[in-house]
Each structure stands twice: as C-alpha cells, then as structure tokens.
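Undergrad: What follows is a structure written as structure tokens; I'll ask about it next.
The values are calculated or read from the model by the stated rules, or taken from the named source; none is laboratory data. Quick caveat: nothing in here was measured; it's all calculated off a predicted structure. Every residue, glycine among them, receives a Cβ derived from its backbone with ideal geometry; neighbour counts consider all protein chains shown. The area values use the complete protein model at the heavy-atom level, side chains included, leaving out ligands, DNA and RNA. Shrake-Rupley method; radii C 1.70, N 1.55, O 1.52, S 1.80 Å.
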Amino acid sequence: MEFKLEAHRIVSISLGKIYSARGQRGGLKLHKNLLVSLVLRSARQVYLSEPCCPPEPPAAPRALPEEPPPPCAAAAAWAPGEPPPPPDEAPRGGPRRPGADCESARARRCCCCGCCCCEAGGGGAAPPLPCCSRKRGAGERGQAGSPVKKPRREAEEPPPPPPGEQEDMETGNVANLISIFGSSFSGLLGKDPPGRRRAPRDGGEAAAAAPAEAAAEPGQICCDEPVLRTLNPWSTAIVAF
Amino acid sequence: TACYFVSVLFTADIISTVEFNYSGDLLATGDKGGRVVIFQREQENKSRPHSRGEYNVYSTFQSHEPEFDYLKSLEIEEKINKIRWLPQQNAAHFLLSTNDKTIKLWKISERDKRAEGYNLKDEDGRLRDPFRITALRVPILKPMDLMVEASPRRIFANAHTYHINSISVNSDHETYLSADDLRINLWHLEITDRSFNIVDIKPANMEELTEVITAAEFHPHHCNVFVYSSSKGTIRLCDMRSSALCDRHSKFFEEPEDPSSRSFFSEIISSISDVKFSHSGRYMMTRDYLSVKVWDLNMENRPVETYQVHEYLRSKLCSLYENDCIFDKFECCWNGSDSAIMTGSYNNFFRMFDRNTRRDITLEASRESSKPRAILKPRKVCTGGKRKKDEISVDSLDFNKKILHTAWHPMENIIAVAATNNLYIFQDKIN
C-alpha cells in the first residue's frame, strides 16, 4: 500500500512539475521535462500494478495462503526513502493479499523501478508488465544508430477506459496526460496540435493491459476521494498546455 | 597539501559558468543576467609579496540580453550557459560565450593610448565645420589610463532549436562545436551564416524521445574526435573523419547499472551533467548526480575510477526530486597534471579527489571561513550514527547553497569556486 501511495505522490509531484513548466522563462526545458515524464511513467506503472486498497472484489490470487511476506519487505527496499514495512503488517488481510502480493511484488521489484525485464512471478496476480529497456542490452550495442530507437515493448498508455467508471477515468486521465505531454514535445515544434490522443501503439501493451482490466484490480485505483479529485485539475491544466 | 583562501569576489547575479584561460592569468565568469566578468591575476609585486594569486576585475561587459522569439512566443534567457576561451594568438584575448540560442565571439583588448589632434572633430568629439579648417595636423598618440574593451566580433545565431548546453573549441583553433539537447553543430570561427550539423538525435516522432544530449567536448589533441554525453548516462565518442553526420559513434561508453540500487529516480541520477577530457587526452571524466567517473578512452564497458561525491543523498532522492535539486547540473574539472579532480556539492561544499592516493577532501566556500590566507578546514558530513563534533548531519545541509561550477588553473594549484553569486579563489599552501 505504501508503494501505491508513494507512487501516487510521485505522480502528483511530477504532474505539478509539468504544469509549472508551462510558464517557465526561457521555454520548455526539454531535458528536465523528459526526465520528469520518465519518472511519471514509472510511478504510474507502479500505481497501476499495485494491489488495491480495501474493499476489493475477491479474486483467484486471494486463495494463496496468507503469510508474512518477507520478500515484500525486501521489495520495499527500492521504494525511495521508505523503510520496509514491518513484517507483522503483512498478515493483515485485504490490502496486501500477501501471497499474491509477494509474487507480484517480487516481479514488480524490477518493473517498478522503471525498467528492466522481469518475469511476472504471480500466477495471474500481476499482468506481465511491459518492460521498458532503457539501458541497452549487449545485443543492442555497437552501431545501433540513433540512440532514440526505443524497443517496441516500451509502454505507451493503456487503451481508453470504459466510460462511466470514475476510477478508470482516473487512470484514463493519467494516461491522457502522458499522451498529451508526449505530444507536447512535438507541440514545441508546432507540428502536432496539443491534446491529440494517441491510439495504443503496441499490440503487446494492449494485450498486457487487457488482462489487467479483466482482472479489474490493477486497473482500478481505489483512492480517497480528495486524492482522486486533486488529479483532475492537473488534467485540465495539462490539456490546456 | 592544505588549501587556503585567497579572495572572494562578489557579483551582482548568480554565476552560471567559470573558466580559466589557457595561461590561467584570466578567469572569466558568466552570470544569469547575461554579464561576463573577467578577472586578471595580480602580477608579482615586491611590495605586496602575497598579492600574487589574487584575481581582480579586469573587464565587465554585457554579453547577452534577453530576447523574445515572436514566432514561438518564447522568451530567450540571457543567462550565460558556457564560456570558452580561445588560445591567445596576439595581444588581444578572445572568448566564446553562449546563452540558450546564440553564441558570441568576444574580443577583449587593452587600450592604453589615445589619439589626440584630429582634424575633423574637436576634443569633445563634436564635428568641426570643414570650412573652418585652415590647417592640417597629424594626430598624436598620448598615453591614457588602461582601458579594457570588449567588442563582439562574431555572432553565431539561429542554428539551434533547442537549448544550447555546451560549446567546445577545437584543437585546430579554427572550428568549434555547439551542442543543444538534440543536435551538435560544427562552426568555423570566421563564418557566422553557416554551420554543419554533425550529430542529430531528434527522432522522427518527438513522442518517441527517450534521450537528450547533455554535454559535448572536443578531444584536446585530435581535432577530428569529440564526445557527447546523454541523459541516459552514456557517452559516445565520434570521429568526424568517418562520416559527415556522426550519428554512428566510434565508441560507446556505458557502465552496466546495478540492479540492486534501482529506484524511481535511477534514470535521473544517471543522467550525465558534465563531460571533460583530461589534459592528456587519455581519459575523460563524467559527472552524474551522485558520482564522478573517470573513463579510459580505450575501455568502453566501465569507468576505471568512480568517486562518490555525496552518496548520503541516495536515500533522499524523493525529497530532492520534490524540491528540484535532483535536476541540478554539477560540473567537474581536472587539475593541470590530471592527478586530481574537483566537483561541487550542496551546503557550499566542494570535493577534491586525488587520483593517485585515492584521498578525498571536502571543503566549504563560506564567508565565515574565508579570512585572507586562512587555511580551509576539511568538512565532514555525518551519514549515520552519532554525530561527531564539527560534523554536519545530512538534514542540516542547505540545499540552496550549491556549488555547480568550479575551475582549476591549468598549471598551478589555484581553484575558482562559484557559490551562488560569490566567486571564491583558493590557492594551495606554498611553503
């Protein structure tokens, strides 16, 4: 749960930075905003993949025995500045879904850190998260040509959320922001109008997102109302941007 | 060796770049207000034996003004991003200064004589009525108080869509490169209406952008070789002889990342903020957020030396992201013999590493510890456990006091450290 809150906090901070970059003297700082967008993407991935807070619908992974998940504590090591959750919190029921949590957390340990390929440990708990390989593998080295050739499997945003679900709208907004911010790079050059939505580009990503939505947990964001509400002004602001 | 304080000079605005010239007699600073201030080293003076080593103001001029790009509705900041000196070829001094968009070549020359006795104008400069001139005279040169004049000789504009982060003068003394986030251009110092694009990493679709250029520099001896660093922590070495467009690198330097230290911010802290060749040309040094790395140009898969600048910040990355400090771009520099390197940190601390002895020292540029010829006391940050006397805890560090720009005299142990709007000059203790 701490991961989710931390990720959410980082998403909020990142959106705030993107928003305030609009009025910056000297124009958009491409380098800084690229870095912010990468952090935003990582945090959003973590946020989307984290298990939901209570109450939550039952699902197969819950069948796994509840036990203190030391690997989860270990997985918490990466969380910035966060001390690992004390083991006695682990057996707590709903929020952590300890068994599945461990599995997915272990898998997520690599993924939430932003990149690197990881195997989804859980049986079905965590959808195979799209990997963004930021560092080149050995095979990609050498005369790879333009350094901006991104591996196809790098994540873009998930498909548009189904209408009428407020929590999915939240995801949609964040996805929208990434898309808008992404097009703002070309907006800088005046090529593409800002706010243009991109269709999902990667079939692999759509496939990964589909089980997420089917399982209905990772895609859902159960947040406090105030937290949900705070994200909305950002989206309107960024759309204007 | 101990380091002792020589002088501190105050400028009106935040210093944004510091650079010694090739002889070390001149020290140039650029600031956020677009001004360049040049300091000159005091000559040996028998009546003031300790004055040598002091730098005094030599020339001040406004290099860049704020501009407005009407097409994009963007203001162009006048802040001087980089200054690079040209090697001296005659009595005048030349330097390149750049803001985000425009590079200027400045000539700094001394004038100590003035012509008097013009025919067509009188001493006030007013034009004389030609019909009243009845005799001709030859103007004579008379001595005057030394005046240092700076005049812009070339203006290299309109070649960069993105923000210029680096300029580097080539060893051929005829060309130089300028780098922005996505492109590197090659200029001839004499030609302002044309530049050659030698690196272009702009993707066809900007939404695919994953990496930007953060710094670039020419090799000190091989005029066909340059390097550029990226926001992904990689360095590419390019050879201009191999092709006109150097999108294909000759060498690619990258250290495999340590998976155990991954976090949300791994990408940001691996971004390289500065790259500098050693004077020998055998090595290069890169600065990322937490460390300085020395690379052997013959070994691409990892640096030969890594120095931790302020590892205690690793657990604070989220806060540093929040307050934007994680985006600070620290520079680094070599000493003249390449035996030591220096870089800045927070709380007005700066760090020096001796490559041979592997010893390091942390010093502070502060008014309190800066009495003339006072020896600087080494500082220590307490990283955990009981704080010893004279140690500073990480939480007490002032993150608004950052030393981003430092410079080392090319031959002697004199260093210039820019702390916000103060320029500190320190010298090694001479026995």
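Undergrad: Among B:Phe39, B:Val148, B:Leu71, which residue has its Cα positioned farthest towards the positive end of the charge dipole of segment B:1-153, with +1 placed on the Cβ of Lys and Arg, -1 on the Cβ of Asp and Glu, and the dipole taken about the Cα centre?
TA: About the Cα centre, the residue reaching furthest to the positive side is B:Val148.
Undergrad: When we measure straight from the Cα of B:Lys389, which lysines land under 19 angstrom away, once same-chain ones fewer than 8 places off are left out?
TA: B:Lys377, B:Lys380
Undergrad: Could you give the length gained on full extension between B:Met147 and B:Arg358, defined as 0.36 nm per residue of separation minus the Cα-Cα distance, in nm?
TA: 71.4 nm
Undergrad: Rounded to the nearest 500 deg cm²/dmol, what is the calculated helix-only ellipticity per residue at 222 nm for chain B, with -39500 (n - 2.57) per DSSP H run of length n ≥ 4?
TA: About -500 deg cm²/dmol.
Undergrad: Ignoring ligands and nucleic acids, what accessible area does B:Val417 show with a 1.4 Å probe (Å², nearest 10)?
TA: 0
Undergrad: Also, quick follow-up: Once the Cβ-Cβ distance between A:Leu5 and B:Thr60 is put in as r, and R0 is 60 Å, what FRET efficiency do you end up with, to the nearest 0.05?
TA: 0.70
Undergrad: Can you give the mean number of other chain Cβ atoms that lie within 10 Å of the Cβ atoms in peptide B:264-276?
TA: That works out to 5 on average.
Undergrad: Using heavy-atom solvent-accessible surface (probe 1.4 Å) with all chains present, what is the largest-first order of B:His221, A:His8?
TA: Highest to lowest solvent-accessible surface, that is B:His221, A:His8.
Undergrad: Can you list residues from other chains, or at least 5 along the same chain, whose modelled amide H is less than 5 Å from the amide H of B:Phe277?
TA: B:Met285
Undergrad: Return the FRET efficiency for the residue pair B:Tyr70, B:Ser396: r is the Cβ-Cβ distance, R0 is 35 Å, and the value is rounded to the nearest 0.05.
TA: It comes out at approximately 0.15.
Undergrad: Sticking with this structure for a sec: What FRET efficiency comes out for B:Tyr22 versus B:Ser242 if R0 is 30 angstrom and r is the Cβ-Cβ distance? Round to the nearest 0.05.
TA: Efficiency for this residue pair is about 0.55.
Undergrad: Which cross-chain or sequence-distant (5 or more) residues have an amide H under 5 Å from the amide H of B:Tyr58, H modelled 1.01 Å from N in plane?
TA: B:Ile38, B:Phe39, B:Gln40
Undergrad: For segment B:385-431 and segment B:249-264, what is the separation of their Cα centres, given in Å?
TA: Distance between centres, Cα-based: 29 Å.
Undergrad: Work out, step by step, the length gained on full extension between B:His173 and B:Ala12: first 0.36 nm times the residue separation, then minus their alpha carbon distance; give nm to one decimal.
TA: The span from B:His173 to B:Ala12 would gain 54.7 nm if fully extended.
Undergrad: On to the next question. Carbon and sulfur atoms: what percent of the 1.4 Å accessible area of chain B do they account for?
TA: Carbon and sulfur atoms account for 49 percent of the accessible area of chain B.
Undergrad: With a/c under 1.5 counting as rounded, go ahead and sort chain B into rounded, prolate or oblate using the C-alpha gyration tensor (a ≥ b ≥ c being the square roots of the eigenvalues; past the cut-off, prolate if a/b is larger than b/c, else oblate).
TA: Note, shape of chain B comes out oblate.
Undergrad: Assuming a ≥ b ≥ c are the square roots of the Cα gyration tensor eigenvalues, decide whether segment B:387-431 counts as rounded (a/c under 1.5), prolate (otherwise, with a/b larger than b/c) or oblate.
TA: Since a/c reaches 1.5 but b/c is at least a/b, the shape of segment B:387-431 is classed as oblate.
Undergrad: Shifting gears a bit: Anything over 21 Å Cα to Cα? Flag those among A:Lys32/B:Lys82; A:Lys32/B:Lys251; B:Lys316/B:Lys401; A:Lys32/B:Lys101, in the order listed.
TA: Beyond 21 Å between Cα atoms: A:Lys32/B:Lys251.
Undergrad: Further question on the same structure: How much accessible area per residue does chain B have, in Å², with a 1.4 Å probe?
TA: 46
Undergrad: Using 23 Å as the Cα-Cα cut-off, could you pick out the over-long pairs in B:Lys32/B:Lys113; B:Lys32/B:Lys371; A:Lys4/B:Lys293; B:Lys293/B:Lys329; A:Lys17/B:Lys402?
TA: B:Lys32/B:Lys113; B:Lys32/B:Lys371; A:Lys4/B:Lys293
Undergrad: Using a 1.4 angstrom probe on the protein heavy atoms only, line up B:Glu77, B:Glu123, B:Glu67 by accessible area, largest first.
TA: Putting B:Glu77, B:Glu123, B:Glu67 in descending order of accessible area: B:Glu123, B:Glu67, B:Glu77.
Undergrad: At 7 Å along the Cα-to-beta-carbon direction for both B:Ile140 and B:Lys388, put a label point, then send me their distance in nm to one decimal.
TA: Each label point lies 7 Å from its Cα, and together they span 7.2 nm.
Undergrad: Shape call for segment B:263-409 from the C-alpha gyration tensor, a ≥ b ≥ c root eigenvalues: rounded (a/c under 1.5), prolate (a/b greater than b/c) or oblate?
TA: oblate
Undergrad: Keeping all protein chains in the complex and leaving out DNA, RNA and ligands, what accessible area do you get for B:Asp122 with a 1.4 Å probe, in Å² to the nearest 10?
TA: It works out to around 50 Å².
Undergrad: Can I ask one more? Would you check the accessible area of B:Arg183, probe 1.4 Å, heavy atoms only, in square angstrom rounded to 10?
TA: Its heavy atoms expose roughly 60 Å² to the probe.
Undergrad: Okay, next question. Within 10 Å of each Cβ of B:308-321, how many other protein chain Cβ atoms are there on average?
TA: 2
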